[in-house]
Each structure stands twice: as structure tokens, then as C-alpha cells.
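One structure below.
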Amino acid sequence: MELVEKLLSGNKRAAARLITLVENKDPKAFETLKEIYHKSGNAYVIGITGPPGAGKSTLTDKLVKVFRKRDKKVGIIAVDPTSPFTGGSILGDRVRMSDLNLDPGVFIRSMGARGHLGGLSESTQAAVKILDIYGCDYIFIETVGVGQSEVDIVKTCDTTIMVMVPGLGDDIQAIKAGIMEIGDVFAVNKADRDGAKRTAREINMMLDFSKSDWRPPVELVVAIDNKGIEELFEQVEKHKSYLEESGQKEVRRIENCKNEIVDLVQQKLMDMILDKSSKEEMINKLSKEVAARKTDPYSACKLVLEKLRTT
Amino acid sequence: MDRPIRVLVAKPGLDGHDRGAKVIARALRDAGMEVIYTGLRQTPEQIVSAAIQEDVNVVAMSILSGAHNTLLPKVVELLNAEGADDVLVVGGGVIPDDDIPFLKEKGIAEVFTPGTPTQVTIDYIRDNVANK
């Protein structure tokens with residue numbers, strides 16, 4: 001396939017087109033990925049996550065510039081929410097990355113989450129592989145703004161940067177389960193605002209209980225003024241060295257592949273349950289019966305599974 | 001899985017008025033399209049670079065500065081140079097009627113002037129976008 005050769009030679013349009021095909025679930029695209037999958041795995045993948053408005057895009061913009069100073073080729077996948085009602089979306093992460101736009105060593109792709117909680121979908125995972133094969137040394141995935149439990153990103157990344165801001169809650173928020181557990185490196189952005197040091201202290205107190213060999217560092221940054229970005233870069237590199245030296249990188253990548261396989265199987269099963277009109281009809285009928293208390297959801301589930309087995 | 005139309009909404013040149021671009025972005029979003037919004041003061045080079053990486057079906061530009069006769073044809077020219085001649089390019093904003101034939105001759109498929117209902121733009125894009 002011509003597209004593959006172009007991708008391997010580092011052609012931007014080929015990479016862009018292949019990502020589109022993957023997003024549109026074109027079967028040909030996945031055939032192509034099967035062919036070239038063995039060439040992926042060279043890029044180091046960094047996840048940037050955090051609540052809406054924390055400054056993820058601005059921080060990504062600034063951090064990528066540090067990698068560019070070291071002449072690393074960088075890919076950025078920026079995910080924004082998709083409307084659950086119309087399927088439309090406004091992907092606005094590029095607004096914060098205007099300077100990177102003309103840099104030939106940077107490839108930015110905006111993606112709509114298209115219905116996936118946690119902001120990472122099958123197509124995001126595939127896009128990472130495409131940019132990897134395209135020749136990126138580092139790939140940044142910027143998630144949609146997250147709440148408390150969207151932890152999907154760790155399933156794809158080597159290093160996850162958790163971007164926090166002051167004023168989002170007290171230390172009880174910090175010790176809750178969920179997203180606070182997934183950061184490998186913490187950045188408290190907008191650190192020129194009141195309460196930044198307190199936020200950092202509360203995160204640190206939460207991390208003091210961590211039993212892992214890697215103690216995530218907490219950096220104060222002001223992304224818009226480019227403050228603390230070099231330090232944040234150093235911490236990412238330290239985490240990378242830790243993963244490589246401890247053998248954890250391999251462990252993590254195997255775990256990530258396992259998660260990916262399970263996710264794909266899950267997705268295909270969902271398609272089988274919902275796409276076949278006969279089953280959807282069956283589910284609609286059962287829903288009415290369950291609502292009328294003629295049956296219960298547990299028995300309904302069993303019926304659907306039996307039907308799935310026989311087709 | 002249906003395929004949303006991907007549209008780059010851009011503001012070429014130096015005017016700082018993006019209300020129109022944002023209204024259009026929102027209307028296209030509500031019509032089920034994926035809108036990549038790039039922000040203010042973009043050069044034609046930046047717009048084309050973004051259009052290539054995002055592999056969009058449409059580039060929609062809003063311009064109020066009066067520099068449309070220079071900037072809009074430049075975008076078409078750069079897209080063609082990249083081999084992306086299947087991208088539908090449309091313009092909007094304060095553009096005198098007298099300039100529209102020139103712009104169309106230069107490859108801008110359609111121009112939407114003030115007062116155009118957003119539905120007209122949506123329908124035009126749906127009807128004219130190339131099937132990829």
C-alpha cells in the first residue's frame with residue numbers, strides 16, 4: 001500500500017490520512033496497522049491529564065518546546081469532548097499551540113472523544129502507533145478535562161503527568177481514590193495564584209502514603225509564563241530513567257497491551273450486542289418489561305447473553 | 001459508525017474579531033461536525049499546516065480586515081502545493097460583492113457575507129464536501 005511507504009518515509013499527509021481512516025473505523029486501516037505494528041514501540045508516550053481549564057494545552061505547548069530544543073521529534077494527540085447529542089465537537093487545543101504549528105518536527109492532531117469515557121478510544125491508541133511509526137521520539141496525549149475517575153490514560157502511557165490547579169478542594173479530595181492515583185509526575189499549574197503551595201502540600205501528603213518505589217514529584221508551574229517547565233521536563237526524564245532502569249517500563253507496556261486487547265474485545269462484543277438489529281430489538285423489548293417489573297435486569301442480561309452465544 | 005465532517009475554522013490575518021468564527025464553529029458543531037478551531041491571527045502557512053495535520057474536509061475562514069483578496073487565494077495555493085486540492089475552501093465575513101467573483105476564480109468555493117443564516121453554510125458544506 002502506497003500510504004504505508006509514505007508513512008515510513010515520514011510523510012505528514014500519509015500519517016494524517018491514516019489517522020482519519022482509523023477514526024472512521026475503516027477496516028482497511030486496521031489491516032494496514034496489522035502489517036506495520038511491529039515497527040511501533042519506539043516512541044516514549046507521555047499523558048497529560050487533569051480537570052477542565054487546568055492548563056493542559058498550554059502546559060503541553062511549553063513542555064513540547066523543551067523537547068524540541070533537544071531536537072526530539074514530537075507528536076501531540078489532543079482529545080476534546082464530543083457532543084453526546086449531535087456527535088459534533090469543537091476541538092480547540094490548537095489555539096494554545098499556535099507556535100508549534102509551523103515546526104516541521106511537530107505533528108499535532110485534534111481528536112473528538114466520540115463517546116469514550118476517560119477520553120481515550122481505540123482510535124487514540126491507533127493514532128499513537130501511527131505517529132510512532134511516522135517517526136516521533138515522544139508522543140504527548142492530552143486528554144479531555146477529567147473529573148474524578150477517568151483513569152484510562154495510564155493504560156496507554158509510559159509517564160502520566162497530572163495537571164492540578166489551586167482551589168479545587170481540600171485534602172479530602174486529594175486522598176480520594178481515582179485520578180489522584182495515576183499521576184507519575186504532578187504539576188500544580190497557575191502556581192502564581194493563592195493556595196498553590198497548599199495544594200502542592202496536600203498532594204505531597206497524599207503521596208507520602210504511596211508504597212510504590214517511585215515517589216511522584218510535585219512541581220509548581222506557571223505554564224503561561226513558562227515558569228517551572230524545565231524542572232517539569234527534568235522530572236519526566238527522571239521517571240523515564242526510573243522505568244527503564246527498574247524494568248518497570250517493560251512491565252507497564254505488557255500491562256498496557258493486555259488492557260488494549262481486553263478493551264478491543266469489549267468493544268467488539270458491544271458492537272455485537274448493539275449493532276445487530278435483532279438484539280437491539282430484543283433489548284428494547286426487555287427494557288420495557290424490566291421497567292414494568294415483569295422481569296428483572298439480571299434475567300434480561302442472561303437472555304441477551306444466551307442469544308449472543310447462539311448467533 | 002458515521003463519519004463526522006472535519007472542518008478547520010480559521011481567522012487569517014490581523015483582525016481581532018472572532019465572534020463570527022465562533023458562532024460558525026458552534027453552528028457546525030451542533031450540525032454534528034468536528035470543528036478544529038485554531039484561534040486568531042493565523043498566517044496562510046499556519047492554516048494550511050494545521051489543515052494537513054488534521055486531514056480536514058473543509059477549511060472555513062472568517063476575515064473582516066479587508067485583506068481577503070490576498071490571504072484567501074494564498075491558502076488555496078498552498079493547499080494545492082501540498083496536493084490537498086480535495087479540501088473544500090469557503091470564506092466569510094465582511095467581503096464586498098464585487099470581490100466575490102475574483103475569489104471564486106481563485107478557488108474559494110463559496111463566500112458567505114454578513115446576514116447569511118448558519119443553516120445555509122451548513123447545507124452548503126454538506127452538499128459540497130468531497131467524499132473521502
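The values are calculated or read from the model by the stated rules, or taken from the named source; none is laboratory data. Computed from a prediction, not measured in an experiment: that's the story for all the values here. Cβ sites come from the backbone with ideal geometry, for glycine too, and all protein chains shown count toward neighbours.
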Cβ pairs under 8 Å, 6+ apart or interchain, first in the stretch A:14-27 and at the interface with another protein chain (Cβ under 9 Å from one of its Cβ atoms), second among the aromatic types (Phe, Trp, Tyr) and assigned to a helix (DSSP H, G or I), ordered by first then second residue, are A:15/A:134
Per the filter on the stretch A:16-64, residues over 18 Å from the mean Cα position of the chain (by Cα) and at positive phi are A:25
Pairing a residue in the stretch B:30-51 that is touching a residue at least 60 places away in the same chain (Cβ under 8 Å) and buried (at least 24 other Cβ atoms within 10 Å of the Cβ) with any residue that is in a strand (DSSP E or B) and not β-branched (Val, Ile, Thr), where Cβ atoms lie under 8 Å and the two sit 6 or more apart in sequence or on different chains, gives B:33/B:6
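Condition first: in a loop (DSSP other than H, G, I, E, B) and modelled with pLDDT of 95 or more. Now tell me which residues in the stretch A:136-156 satisfy that.
Taking the stretch A:136-156 and keeping what is in a loop (DSSP other than H, G, I, E, B), we get A:136-137, A:143-151, A:156.
Result: A:136, A:137.
Would you confirm whether any residue within the stretch A:225-237 is part of a helix (DSSP H, G or I) and among the basic types (Lys, Arg)?
As a first pass, look at the stretch A:225-237 and keep what is part of a helix (DSSP H, G or I): A:225, A:229-237.
The next check asks that each one be among the basic types (Lys, Arg); those that pass are none.
No - not one qualifying residue is present in the stretch A:225-237.
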Inside the stretch B:110-132, the number of residues satisfying the requirement of being of a type in the set (Gly, Ala, Ser) and at pLDDT 95 or above is 0
Residue A:112: passes all of (1) within 19 Å of residue B:36 (Cβ to Cβ); (2) of a type outside the set (Lys, Arg); (3) surrounded by 24 or more Cβ atoms within 10 Å (Cβ to Cβ); (4) more than 10 Å from chain B (Cβ to nearest Cβ) but (4)
task = Answer yes if at least one residue in the stretch A:67-90 is closer than 27 Å to residue A:30 by Cα, within 11 Å of another protein chain (Cβ to nearest Cβ), without any contact (Cβ under 8 Å) to a residue 40 or more places away in the chain and out of contact with any strand residue (DSSP E or B) (no Cβ under 7 Å at 6 or more places or on another chain), and no otherwise.
result = yes
Could you go through the stretch B:101-124 and let me know if any residue there is surrounded by fewer than 18 Cβ atoms within 10 Å (Cβ to Cβ), within 14 Å of chain A (Cβ to nearest Cβ) and within 30 Å of residue A:6 (Cα to Cα).
no
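Here is a list: A:304, A:265, A:290. Which entry is more than 18 Å from the chain's Cα centre (by Cα) and closer than 30 Å to residue A:159 by Cα?
A:265
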Determine whether residue A:53 is away from chain B (no Cβ under 12 Å) and either aromatic (Phe, Trp, Tyr) or out of contact with any helix residue (DSSP H, G or I) (no Cβ under 7 Å at 6 or more places or on another chain) (or both). yes
Flagged in the stretch A:175-216 as under 19 Å from the mean Cα position of the chain (by Cα), of a type in the set (Asp, Glu) and assigned to a helix (DSSP H, G or I), in numbering order, are A:181
Residue in the stretch A:168-178 that is surrounded by fewer than 22 Cβ atoms within 10 Å (Cβ to Cβ), polar (S, T, N, Q), touching a helix residue (DSSP H, G or I) at 6+ places or on another chain (Cβ under 6 Å) and at pLDDT below 90 present:
no
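Listed residues B:19, B:29; which is more than 14 Å from residue B:95 (Cβ to Cβ) and more than 7 Å from every other protein chain (Cβ to nearest Cβ)? Break it down stepwise before answering.
Values: B:29 fails: more than 7 Å from every other protein chain (Cβ to nearest Cβ).
Checking each option against the conditions leaves just B:19.
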Within the stretch B:1-22, the residues that are acidic (Asp, Glu) and either in contact with a Leu (Cβ under 9 Å, 6 or more places away or on another chain) or under 20 Å from residue B:114 (Cβ atoms) (or both) are B:15, B:18
Given the conditions (1) closer than 19 Å to residue A:88 by Cα; (2) in contact with a Phe, Trp or Tyr (Cβ under 8 Å, 6 or more places away or on another chain), every one holds for residue B:53 apart from (1)
| With respect to residue B:6, is the statement that it is at the interface with chain A (Cβ under 9 Å from one of its Cβ atoms) and surrounded by fewer than 19 Cβ atoms within 10 Å (Cβ to Cβ) true? | no
Only unsatisfied item for residue A:272, checking (1) assigned by TED's automatic domain parsing to the domain that holds residue A:189; (2) in contact (Cβ under 8 Å) with a residue 24 or more places away in the chain, is (1)
Flagged in the stretch A:242-287 as exposed (fewer than 13 other Cβ atoms within 10 Å of the Cβ) and not in a helix (DSSP H, G or I), in numbering order, are A:247
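Residues B:84, B:109: which one is touching a Lys or Arg at 6+ places or on another chain (Cβ under 8 Å) and closer than 15 Å to residue B:74 by Cα? So that I can check it myself, show each step before the final result.
Details: B:109 fails: touching a Lys or Arg at 6+ places or on another chain (Cβ under 8 Å).
B:84 is the lone residue from the list that is touching a Lys or Arg at 6+ places or on another chain (Cβ under 8 Å) and closer than 15 Å to residue B:74 by Cα.
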